[in-house]
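Below you'll find the structure, written out as structure tokens, and then a few comments.
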Amino acid sequence: MSVGIDEISFYTSNYFLDLQQLAEVRDIDVDKYYKGIGQEKMGMPAPDEDIVTMAANAAYPLIERVGAESVSTVMFATETGIDQSKSAGVYVHRLLGLSANCRVVELKQACYSATAAIQMACALVARQPEKRVLVIASDVARYDLDTPGEATQGCGAVAMLITANPRLVEIDPEVGNYTEDVMDFWRPNYRSTALVDGKYSTKIYLKSLKQAWEHFCTASSLAFNDFQHFCYHLPFTRMAQKAHKHLAKLNQSELSPEMLDLQVEDTLLYNRIIGNSYTASMYIGLVSLLENCKQNLEGKRVGFFSYGSGCVAEFFSGRVVAGYEQYLHSARHQAMLAARNAVSYEEYLRLYNEVEPTDGGVHERRRESTGRFRLASISHHKREYVAC
Ligand code: CAA
């Protein structure tokens with residue numbers, strides 16, 4: 001019996017800032033963004049949108065198909081949680097009308113936790129193959145204004161059904177892990193934006209790739225050349241290109257520009273115009289590959305490198321299932337991306353500076369988001385979510 005990703009759907013905000021606008025205000029050559037870090041646009045959540053609404057919007061099309069009663073567990077991965085105690089997944093559970101007998105939990109380890117969720121979901125399904133686990137990853141990436149990280153902001157959520165005999169990607173049981181206590185990127189409880197030692201974080205990312213890959217090689221008989229495509233964690237798309245060159249070099253493999261393109265480029269298309277979505281970003285990269293690769297991916301082996309600052313990393317592998325194309329949500333995803341609205345720099349500042357009230361008063365949020373679920377108010381310290 002195989003276990004893996006049966007269906008996958010993502011969601012991002014209807015607002016984005018073109019990095020051309022940011023480049024003009026910051027007096028930076030736009031090619032530093034477009035080419036140097038490989039980002040064109042960054043998603044900005046509307047004030048009535050957060051990790052819960054994005055998650056519910058990502059998951060709804062999956063639940064519509066399989067039925068709310070069929071999900072046994074929800075694992076919600078995020079590093080931009082909205083509550084220290086209650087799982088964001090419990091709000092999503094109500095919005096989606098899931099069964100009262102469904103368990104729900106939130107997981108955290110920077111951008112890595114969606115991968116932990118997937119591995120745990122696979123283990124649950126291996127034990128009870130009739131179960132269906134909903135893994136959701138949802139984040140809003142925020143850095144201080146006028147810092148090197150600013151242009152790598154973004155937001156998005158991805159929802160995946162993990163089942164036995166999956167219709168999209170079978171996940172192999174062998175993994176390679178690497179954990180080290182480092183301070184490359186973190187966000188203390190009292191801050192709404194991340195702190196980051198940018199250059200150091202890219203070095204630790206590459207070091208973790210090497211270590212996780214080497215550990216993977218002790219567990220799996222697969223070699224570098226057995227993989228046709230690679231999905232990397234995507235803080236910005238240029239990072240994946242650098243990572244792939246690094247991995248090829250570690251394996252003494254010649255990597256022509258054409259091969260780099262073929263093995264990585266299709267995974268980058270959505271993230272380049274959404275920005276970093278932390279836990280969701282590698283899996284939005286997988287959707288981008290499945291929906292945009294011109295070649296038939298049936299039977300193709302995909303390598304995944306998941307990285308969460310702090311840090312925990314994992315290399316694992318998957319194989320694309322025959323007939324996968326029939327179960328993608330390509331048209332809906334592409335329509336959503338095409339319908340987004342560009343904001344001006346002033347609008348961006350308004351969205352950026354939107355504050356979360358802490359006074360316990362009644363704070364309604366006017367409708368600006370375009371998804372099915374929205375944050376209607378924060379009143380008496382409680383978040384009120386509604387379906388539109
Ligand atoms: N035309 C083309 N390229 C240009 C250019 C121009 N006009 N101007 C600059 N560039 C190139 C530079 O040469 C450089 O290329 P190389 O990387 O090949 O040297 C690239 O653009 C970036 O320029 P800088 O190195 O000067 O950029 P920076 O220092 O201002 O910012 C960064 C880069 C430190 C990564 C910053 O974006 C950052 O802090 N980002 C947030 C942290 C991050 O994403 N870290 C990634 C690893 S951690 C992780 O993965 C977890 C996570 O999700 C956060």
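Coordinate-derived values only; no laboratory data. Keep in mind that what you see is a predicted model, and the values were worked out from it rather than measured. We place every Cβ from the backbone using ideal geometry, glycine too, and count neighbours over all the protein chains shown.
Remarks
- Residue pairs whose Cβ atoms lie under 9 Å apart, sitting 6 or more positions apart in sequence or on different chains, and linking a residue in the range 238-261 that is among the acidic types (Asp, Glu) to a partner that is in a helix (DSSP H, G or I), are Glu254/Ala248.
- Total residues in the range 125-170 satisfying the condition of being out of contact with any Lys or Arg (no Cβ under 7 Å at 6 or more places or on another chain), within 16 Å of the ligand (Cβ to nearest atom) and not in a helix (DSSP H, G or I): the figure is 17.
- Filtered residues of the range 77-112 (kept if of a type in the set (Ser, Thr, Tyr) and either part of a loop (DSSP other than H, G, I, E, B) or within 16 Å of the ligand (Cβ to nearest atom) (or both)): Thr78, Thr80, Ser85, Ser87, Ser99, Tyr112
- Considering Leu209, Leu234, the condition of being closer than 30 Å to Arg65 by Cβ and under 19 Å from the mean Cα position of the chain (by Cα) is satisfied by Leu234 alone.
- Residue under evaluation Leu22, criteria (1) within 15 Å of the ligand (Cβ to nearest atom); (2) aliphatic (A, V, I, L, M); (3) under 22 Å from Gly285 (Cα atoms), criterion not met: (3)
- Cβ-Cβ under 8 Å pairs, at least 6 apart or on other chains, the range 1-16 side over 15 Å from Ser138 (Cα atoms), far side among the basic types (Lys, Arg): Asp6/Arg132; Asp6/Arg167; Glu7/Arg65; Glu7/Arg167; Asn14/Arg340; Tyr15/Arg340; Phe16/Lys41; Phe16/Arg340
- Of all residues in the range 287-303, at least one satisfies being without any contact (Cβ under 8 Å) to a residue 60 or more places away in the chain, within 29 Å of Tyr143 (Cβ to Cβ) and over 17 Å from the mean Cα position of the chain (by Cα).
- Helices (runs of 4 or more DSSP H) completely within the range 186-296 that count 1 or more residues being hydroxyl-bearing (Ser, Thr, Tyr): 198-219, 237-250, 269-274, 281-292
- Considering (1) closer than 20 Å to Ser9 by Cα; (2) surrounded by fewer than 24 Cβ atoms within 10 Å (Cβ to Cβ), the lone condition that Ala58 does not fulfil carries the number (2).
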